[in-house]
1. So is ILE208 of a type in the set (A, V, I, L, M, F, W, C), more than 22 Å from VAL337 (Cβ to Cβ) and surrounded by fewer than 24 Cβ atoms within 10 Å (Cβ to Cβ) or not?
2. Do we have any residue at all in the stretch 297-316 that's over 27 Å from ALA384 (Cβ atoms) and aromatic (Phe, Trp, Tyr)?
3. Just to be sure I understand, how many residues within the stretch 155-180 are among the aromatic types (Phe, Trp, Tyr) and under 15 Å from ALA25 (Cβ atoms)?
4. Residues that are more than 21 Å from TYR164 (Cβ to Cβ): list the strands (runs of 3 or more DSSP E) wholly contained in the stretch 213-275 that include at least 3 such residues.
5. For the stretch 217-228, which positions are over 20 Å from ALA329 (Cα atoms) and surrounded by 24 or more Cβ atoms within 10 Å (Cβ to Cβ)?
Amino acid sequence: MTESVSATYGVHSEVGRLRKVLVCAPGLAHRRLTPTNNDELLFDDVMWVENAQRDHADFVNKLTQRGVDVVELHALLAETMQVDGARDWLLDRKIEVNHVGLGLVDGTRAYLETLPPQRLAEFLIGGLATQDLPEEFRSGYISLARESTGAREYLMPPLPNTLYTRDTTCWLYGGLTMNPLYWPARKDETLIYKAIYEFHPDFEGSTIWWGDPEQEWGQATFEGGDVMPVGNGVVLVGMSERTSRQAITQVAAALFAQGAAERVIIAGMPKLRAAMHLDTVFTFVDRDIVTLYPTIMDAVHTFTLLPSDRSPGVDVVDEGTTPFVDVVAKALGLPSVQVIDTGGDVYQSERQQWDSGNNAVALEPGVVFTYDRNTLTNTLLRKAGVEVITIVGAELGRGRGGGHCMTCPIIRDAVDF
């Protein structure tokens, strides 16, 4: 597979047949959530981990029963840590003085070197607390940590938002982006993905369009929940709470320069929690059917980015008052797009959107996964002829790091319009 990975892997639409996805099972990182730290770690409440694991396993089972190849992040990282040079590469970057603290680097590194790959992967994602460090690897500097006060300090922080795999990297046609994420609690995630894409034999040699977690990106933040390769050389991007114009224009320039896309359509959204990502307010469920939340989408200001021979390689077209869905339909060569609004009255619609009612995961054209609690919107989808497969969202939807972005499509077919 490694000899042709860039040709084999790729996401060429939002609704084409889903072939392979990356997920991350709830685990140690979610057991680290407490009422004290859940807000900092972008969760609305602590998670009932066992129920979340059960519901996530049910989701994976439904994917595999439908023929999707599912890979899991803990397992993928453990396999990567077995590759020559991979463990040293990642620990060199994770276990250094600015993160671990003076006097604790050598002991922490020595302890992690003793661990089997599976246990190391668990700590890399779940976090390594000072209390996890065995006595024989401790130095006097550990006494500076607030272990005895009930607080928890980490030599490596927990990364519970790895549950939302779509955000950290996203496949756009034949390559991917390594995304600088918006919230501090998520910034360490991308380095783990870089290790996988650098060393894992199934992904080594992947085409990286843009992004590198070892660089400082300033205001240029970019998250996969805002990014939709919809086919016909078109990429939709939400300019949202978490994806900035500084990043969008750079990504567009990189895609155009490498011939990866022909146009980027920007949905300029308000910087609100309710509009944290484009896929929380707008999702394709079939070739020409979308579900959307009108309260946000009616206020979107649309722009189109096109390749240019002039520096910096991107032209900006202000679409004025033309609705976003009309700009998208025209770019795809469609006469129109059927719109299914979030279900219910003004109160019910807001509740459904808050529960990721507009965030469906397409299995193929006209077949989608949604949360079971979005009953009104699910009913409207079914009435429109869309097959709806429900999963339990009571625990899995507690995070605000990524909402319902629990799958990162790695291989998805193109569709004909």
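1. Working: of a type in the set (A, V, I, L, M, F, W, C): yes; more than 22 Å from VAL337 (Cβ to Cβ): yes; surrounded by fewer than 24 Cβ atoms within 10 Å (Cβ to Cβ): yes.
For ILE208, the condition - of a type in the set (A, V, I, L, M, F, W, C), more than 22 Å from VAL337 (Cβ to Cβ) and surrounded by fewer than 24 Cβ atoms within 10 Å (Cβ to Cβ) - is met.
2. Step one: filter the stretch 297-316 for residues over 27 Å from ALA384 (Cβ atoms), giving 301, 303-316.
Retained after the next criterion (residues that are aromatic (Phe, Trp, Tyr)): 303.
Yes, that holds for at least one residue.
3. Taking the stretch 155-180 first, the residues among the aromatic types (Phe, Trp, Tyr) are 164, 171, 173.
Adding the requirement that they be under 15 Å from ALA25 (Cβ atoms) leaves 164.
Qualifying residue count for the region: 1.
4. On the way: elements: 227-231, 234-239, 263-268.
Correct list: 263-268.
5. Looking only at the stretch 217-228, we keep the residues that are over 20 Å from ALA329 (Cα atoms), and these are 217-225.
Passing the criteria: PHE222, GLU223, GLY224, GLY225.
Rundown of residues vs (1) closer than 21 Å to GLU189 by Cα; (2) touching a residue at least 60 places away in the same chain (Cβ under 8 Å); (3) open to solvent by 20 Å² or more (accessible area, probe 1.4 Å), yes/no style:
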residue	(1), (2), (3)
VAL230	no, yes, no
SER240	yes, no, no
ARG263	no, yes, yes
HIS301	no, no, yes
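The values are calculated or read from the model by the stated rules, or taken from the named source; none is laboratory data. As the structure is a prediction and not an experimental result, all values here were calculated from the model. Heads up, the Cβs are rebuilt from the backbone with ideal geometry, glycines too, and the neighbour counts pull from every protein chain shown. When the accessible area is computed, the model is the full protein with side chains, heavy atoms only, and any ligands, DNA or RNA have been set aside. Shrake-Rupley method; radii C 1.70, N 1.55, O 1.52, S 1.80 Å.
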